[in-house]
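Single-structure report; data block below.
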Amino acid sequence: MNIAAPSVSEKLETKWRGKLEPLLKDGEVIWGLAKATSMRPLLEGVMVTNARVAAFNFVSDKPEKVFKVEVSADDIGECTLTGMQKRDLRITTRGGETLKFGTLGGKHDPEFVVPLIERLRDFGVADDVRNQVRTLEQQQRIDDEVAHQQAVAEARQPEIESQARRARVPVVGPVMADKEWKLIEQYCREGETPWFVITTGANGLLAAFEDRLIIAKTGVIAGYMAGALGGGRVTTFPYSQITNIEFNSGWMNGVLEVLTPSYQGSGNHDYWRGSNRGRNSASDDPRTLSNCLPLLKSTYTAALPRLNELHQKIIESHQTQVTVEHVQPSAAPASTGGLVDEIERLAALRAQGLLDDAEFTAAKQAAIARHS
């Protein structure tokens, strides 16, 4: 196969091949050589292989200095000839960049070089060298893409870990939206997840942790119905302060109530009783009350096994308190000391922000009634 253009003598071809072939990558084969001159950059010839087109000048024996301009076969878009004699070789890449490969040396050289370049464009980089021959620009693009993918993976790692934690949490009720998960995560301690969640859609949710539960009523509908237009209500109930959990149901719907000394279950919580009043005045509406979660009866039935476990955790939290009380020495009589100790504990809870003034007053009155 003749690889030299008409302007290249046999002697020059031998000279060029002796210098170029050691610089080729594994599997790369020269298809054609032609004279191509230019001052900027300084060029003396152009080479077409089964992987690229490269203009060269032997100012050094290092490939990065020999090959002044090059384009991979996969990047060749259009090959054109410009200038008065139509011998200025230009190649436009698929990305729109125009590369200058100098002025071809002979009158008939374009007829030799252009078909080779078009054939190379049609075939693309040969399989033997596809992963071997890369221009500096191509290698930089590859390196940049790898770095970008790594950065994306690192940025998504917290999200992936969050999704994995969420997947381990049993959820009873409608599928939770991302904003609901983010709300729960705001109330998680470091490395903590709830051990189950009850969702109701528009009426809020309940998330149970190892030592507490929260009832959250946020979002447009739940927040409005809870009397917090544009916001919402999130209430935390430590197990040690919960006296019982009740479910009052009708045919289809019901209300799950978390009872504490300040939230007693004696009221008749009716959906419609407060419908003609402002949301914060509808004290009988379970969607307004912080300790009530309206939900379907079927949702409650599905959550019942978990709620039974929750009852056990509440009982255990009270048993722990009783044990602590028995080891506490008391100088006062048993009846008086028990009341005083309980009021002191309630005062401490109020000081810690776990009870507000109304809750403290109600709990204190209940304690006095038990000890009287």
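The values are calculated or read from the model by the stated rules, or taken from the named source; none is laboratory data. Given the structure is predicted, the values throughout are model-derived calculations rather than measurements. For neighbour counting, all protein chains shown are included, and Cβ atoms are generated from backbone atoms with ideal geometry for every residue, glycine included. Please note that ligands, DNA and RNA were not included when accessible areas were found on the heavy atoms of the full protein model with its side chains. Shrake-Rupley method; radii C 1.70, N 1.55, O 1.52, S 1.80 Å.
I'd like to verify a number: residues in segment 37-72 that are in contact (Cβ under 8 Å) with a residue 60 or more places away in the chain and in a helix (DSSP H, G or I), how many?
1
Say we look at segment 353-362 and pick out the residues that are over 14 Å from Asn291 (Cβ atoms) and open to solvent by less than 80 Å² (accessible area, probe 1.4 Å); which of these is farthest from the chain's Cα centre (by Cα)?
Residue satisfying both the conditions and the ranking: Thr361.
Against the condition part of a loop (DSSP other than H, G, I, E, B), buried (at least 16 other Cβ atoms within 10 Å of the Cβ) and out of contact with any Lys or Arg (no Cβ under 7 Å at 6 or more places or on another chain), how does Gly27 come out, does it pass?
For Gly27, the condition - part of a loop (DSSP other than H, G, I, E, B), buried (at least 16 other Cβ atoms within 10 Å of the Cβ) and out of contact with any Lys or Arg (no Cβ under 7 Å at 6 or more places or on another chain) - is met.
Based on what the data block shows, is Leu20 at pLDDT below 95, surrounded by 19 or more Cβ atoms within 10 Å (Cβ to Cβ), over 16 Å from Leu120 (Cα atoms) and more than 46 Å from the chain's Cα centre (by Cα)? Give the steps one after another, and end with the answer.
Working: at pLDDT below 95: yes; surrounded by 19 or more Cβ atoms within 10 Å (Cβ to Cβ): yes; over 16 Å from Leu120 (Cα atoms): yes; more than 46 Å from the chain's Cα centre (by Cα): yes.
So Leu20 fits the description; yes.
Report every pair of residues separated by at least 6 positions or lying on different chains whose Cβ atoms are under 8 Å apart, first residue within segment 158-172 and over 15 Å from Glu190 (Cα atoms), second charged (D, E, K, R).
Listed pairs, sorted by first residue: Pro170/Arg306; Val172/Arg306.
Out of Val175, Val114, I need the residue that is under 29 Å from Glu70 (Cβ atoms) and free of Cβ contacts under 8 Å to residues at least 40 places away in the same chain. Which one?
Testing whether each residue is under 29 Å from Glu70 (Cβ atoms) and free of Cβ contacts under 8 Å to residues at least 40 places away in the same chain leaves just Val114.
When you scan segment 124-134, do you find a residue that is polar (S, T, N, Q), over 20 Å from Trp16 (Cβ atoms) and loosely packed, with under 13 Cβ neighbours inside 10 Å, even just one?
Looking for residues that are polar (S, T, N, Q), over 20 Å from Trp16 (Cβ atoms) and loosely packed, with under 13 Cβ neighbours inside 10 Å, one finds at least one in segment 124-134, hence yes.
Any residue at all in segment 157-168 that's modelled with pLDDT of 90 or more and hydrophobic (A, V, I, L, M, F, W, C)?
First, pick out the residues of segment 157-168 that are modelled with pLDDT of 90 or more: 166-168.
The next check asks that each one be hydrophobic (A, V, I, L, M, F, W, C); those that pass are 167.
Yes, some residue in segment 157-168 is modelled with pLDDT of 90 or more and hydrophobic (A, V, I, L, M, F, W, C).
Name the single residue that is least open to solvent (accessible area, probe 1.4 Å) among those in segment 173-190 being among the basic types (Lys, Arg) and closer than 14 Å to Thr218 by Cα.
Lys182
Quick one: in segment 243-262, of everything that is aliphatic (A, V, I, L, M) and surrounded by fewer than 18 Cβ atoms within 10 Å (Cβ to Cβ), which residue is nearest to Lys313 (Cα to Cα)?
Leu259
Just one of Lys35, Lys15, Lys19 is basic (Lys, Arg) and within 15 Å of Pro110 (Cα to Cα); which is it?
After ruling out the rest, the residue left standing is Lys35.
Just give me the residues in segment 34-79 being acidic (Asp, Glu), under 42 Å from the mean Cα position of the chain (by Cα) and surrounded by fewer than 19 Cβ atoms within 10 Å (Cβ to Cβ), in sequence order. Don't jump to the end; show me each part of the working.
Within segment 34-79, the subset acidic (Asp, Glu) is 44, 61, 64, 70, 74-75, 78.
Imposing the further condition that a residue be under 42 Å from the mean Cα position of the chain (by Cα) reduces the set to 64, 70, 74-75, 78.
Selection gives Glu64, Asp74, Glu78.
With a cut-off of at least 3 residues that are closer than 25 Å to Thr299 by Cβ, name the helices (runs of 4 or more DSSP H) lying wholly within segment 96-199.
Result: 136-167, 178-186.
Checking Thr193 against (1) loosely packed, with under 15 Cβ neighbours inside 10 Å; (2) closer than 27 Å to Leu304 by Cβ; (3) touching a residue at least 12 places away in the same chain (Cβ under 8 Å), which single condition isn't satisfied?
Here Thr193 clears every test but (1).
Would you confirm, using the coordinates I've provided, whether Glu210 is at pLDDT 90 or above and not in a strand (DSSP E or B)? Don't jump to the end; show me each part of the working.
On the way: at pLDDT 90 or above: yes; not in a strand (DSSP E or B): yes.
Yes, satisfied.
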